[in-house]
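Trainee: Have a look at the structure that comes next, please.
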Amino acid sequence: MKHVAIGRGVSLTTVGLGGAQLGNLSRVSTDEQCAAAVDAAWRGGVRSFDTAPHYGLGLSERRLGALLRSYQRQEYTLSTKVGRLLVPTPERAGQLDDGGFAVPATHRREWDFTRDGILRSVEGSLERLGLDWLDIAYLHDPDDLWEAASTTGIGALIELRDQGVVRAIGAAMNQSAMLAAFVATCDVDVVMLAGRYTLIDRHAEEDLLPLAMERGVAVVAAGVFNSGLLSRQEIAPDARFEYDAAPPDVLAVAQTVAGLCARYGVELPEAAIQFPMRHPAVACVVFGARDRAQVEQSLTRASRPIPPQLLRDIEAVLTAN
């Protein structure tokens, strides 16, 4: 698999494994499933792995750190996220987490983009991962906290980067506008964009991607299936888009795009995972997986040939809508 250098001695494989499902996203993933998923990704050439404290209240970090321990540290790139501290809540240990993960509510998430908060966040992640340093640290979803994230938050990450505790820094969000602001005003190396540069959502073409190219900032594309809408060839009427029920107009566009894919003998998710790879600003596309079969399926989808004319036809559909 191709490696893309993003600066400061960090490189990414063009496809990476996301760790949300290793943190029991929506339902339990067994230790055996997670081990098989990471093994399949490694065998398939994946050397970029992403996680976050948010994913399963630290479970994803603990699992991924343990599973990568059998590999040479210099052989893979690992990213995690900062800005959501995990505060112990032993009184809630008998309850389930209310953040979308099937884990006990042993901690609560607390936003903190102060210098102290970032330092504590990185320290906690390093402990859970069992590492001495991070390849990439992203500010995690600072949508409502721009002032703190873009000052004390970025400032603390720059300090850690200068010390070698973190090699590259940036932000990870579900919107392109604020990521573009980070690229324009802060000393970031890489940003992760979820769901805003996909087959049917091109928001990032208007702001982030041109600016990232201009400033030499790498983009990691996540959420390429738009919460599952593009993950199957057949578009279900109750399909979800961006964590909610897909609006009728979005369903109609997705169905049209699926029909175009079928005409060219391409599965919709194959086109979805490969589309972002074609932009020169995008260094890596991250997919989530719960087990070996899902990893192998995604890697196959990422390698199937996609006729360029299909993407041009899809572009015409989006322009018309």
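The values are calculated or read from the model by the stated rules, or taken from the named source; none is laboratory data. Fair warning: this is a prediction, and the values are worked out from it, not measured in the lab. Backbone-built Cβ (ideal geometry, glycine too); neighbour counts: all protein chains shown.
Trainee: When you go through GLY223, GLY288, GLY259 one by one, which is the residue that is surrounded by fewer than 17 Cβ atoms within 10 Å (Cβ to Cβ) and of a type outside the set (Ser, Thr, Tyr)?
Mentor: From the options GLY223, GLY288, GLY259, the qualifying one is GLY259.
Trainee: Considering segment 255-269 alone, what residues qualify as being in a helix (DSSP H, G or I) and closer than 15 Å to ASP313 by Cβ?
Mentor: Passing the criteria: GLN255, THR256, VAL257, ALA258, GLY259, LEU260, CYS261, ALA262, ARG263, LEU268.
Trainee: Moving on to the next point. For segment 167-195: of the residues being hydrophobic (A, V, I, L, M, F, W, C) and in a helix (DSSP H, G or I), which is nearest to the chain's Cα centre (by Cα)?
Mentor: Within segment 167-195, the match that is nearest to the chain's Cα centre (by Cα) is LEU179.
Trainee: With the condition kept exactly as written, say whether any residue in segment 275-284 is at pLDDT 95 or above, in contact with a Lys or Arg (Cβ under 9 Å, 6 or more places away or on another chain) and over 15 Å from GLY16 (Cβ atoms).
Mentor: No: segment 275-284 contains no residue that is at pLDDT 95 or above, in contact with a Lys or Arg (Cβ under 9 Å, 6 or more places away or on another chain) and over 15 Å from GLY16 (Cβ atoms).
Trainee: Would you call GLN95 closer than 22 Å to LEU160 by Cα, surrounded by fewer than 24 Cβ atoms within 10 Å (Cβ to Cβ) and without any contact (Cβ under 8 Å) to a residue 12 or more places away in the chain?
Mentor: So GLN95 does not fit the description; no.
Trainee: Specify which of the listed residues (ARG92, ARG120, ARG63, ARG109) is in contact with a Leu (Cβ under 7 Å, 6 or more places away or on another chain), among the basic types (Lys, Arg) and more than 29 Å from SER11 (Cβ to Cβ).
Mentor: Criteria check complete, one pass: ARG109.
Residue-by-condition table, conditions (1) assigned to a helix (DSSP H, G or I); (2) modelled with pLDDT of 95 or more; (3) within 30 Å of ALA149 (Cα to Cα):
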residue	(1), (2), (3)
LEU22	yes, yes, yes
ARG27	no, yes, no
VAL38	yes, yes, no
TYR71	no, yes, no
THR80	no, yes, yes
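Trainee: Which one of these is touching a Lys or Arg at 6+ places or on another chain (Cβ under 8 Å), farther than 24 Å from ASP31 by Cα and in contact (Cβ under 8 Å) with a residue 60 or more places away in the chain: ARG161, ARG128?
Mentor: ARG161
Trainee: In segment 160-180, how many are surrounded by fewer than 17 Cβ atoms within 10 Å (Cβ to Cβ) and of a type in the set (A, V, I, L, M)?
Mentor: Number of matching residues: 1.
Trainee: Now for a separate question. When THR300 is evaluated against the numbered criteria (1) more than 30 Å from GLY7 (Cα to Cα); (2) surrounded by fewer than 20 Cβ atoms within 10 Å (Cβ to Cβ); (3) modelled with pLDDT of 95 or more; (4) among the β-branched types (Val, Ile, Thr), which criterion, by number, is the only one it fails?
Mentor: (1)
Trainee: Run ALA184 past the list (1) surrounded by 17 or more Cβ atoms within 10 Å (Cβ to Cβ); (2) within 20 Å of ILE6 (Cβ to Cβ); (3) of a type in the set (A, V, I, L, M) and report the number of the one that doesn't hold.
Mentor: With (1) surrounded by 17 or more Cβ atoms within 10 Å (Cβ to Cβ); (2) within 20 Å of ILE6 (Cβ to Cβ); (3) of a type in the set (A, V, I, L, M) applied to ALA184, the lone miss is (1).
Trainee: Could you please let me know if ALA177 is under 23 Å from ALA5 (Cα atoms) and at pLDDT 95 or above?
Mentor: Considered against the rule, which asks whether it is under 23 Å from ALA5 (Cα atoms) and at pLDDT 95 or above, ALA177 comes out as no.
Trainee: I would also like to ask the following. Could you please tell me which pairs satisfy a Cβ distance under 9 Å, a separation of 6+ or placement on different chains, a first residue in segment 44-62 that is in a loop (DSSP other than H, G, I, E, B), and a second residue that is crowded, with 24+ Cβ neighbours inside 10 Å and among the acidic types (Asp, Glu)?
Mentor: Going by the 9 Å Cβ cut-off, the qualifying pairs are THR51/GLU61; ALA52/GLU61; PRO53/GLU61; TYR55/GLU61.
Trainee: Would you be able to tell me the number of residues in segment 196-248 that are of a type outside the set (A, V, I, L, M, F, W, C), part of a loop (DSSP other than H, G, I, E, B) and either on the phi > 0 side of the Ramachandran plot or without any contact (Cβ under 8 Å) to a residue 60 or more places away in the chain (or both)?
Mentor: Total meeting the criteria: 18.
Here is a yes/no grid of residues against (1) out of contact with any strand residue (DSSP E or B) (no Cβ under 6 Å at 6 or more places or on another chain); (2) surrounded by fewer than 18 Cβ atoms within 10 Å (Cβ to Cβ); (3) among the hydroxyl-bearing types (Ser, Thr, Tyr):
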site	(1), (2), (3)
ARG73	yes, yes, no
PHE113	yes, no, no
ILE118	no, no, no
ARG128	yes, no, no
ASP132	yes, yes, no
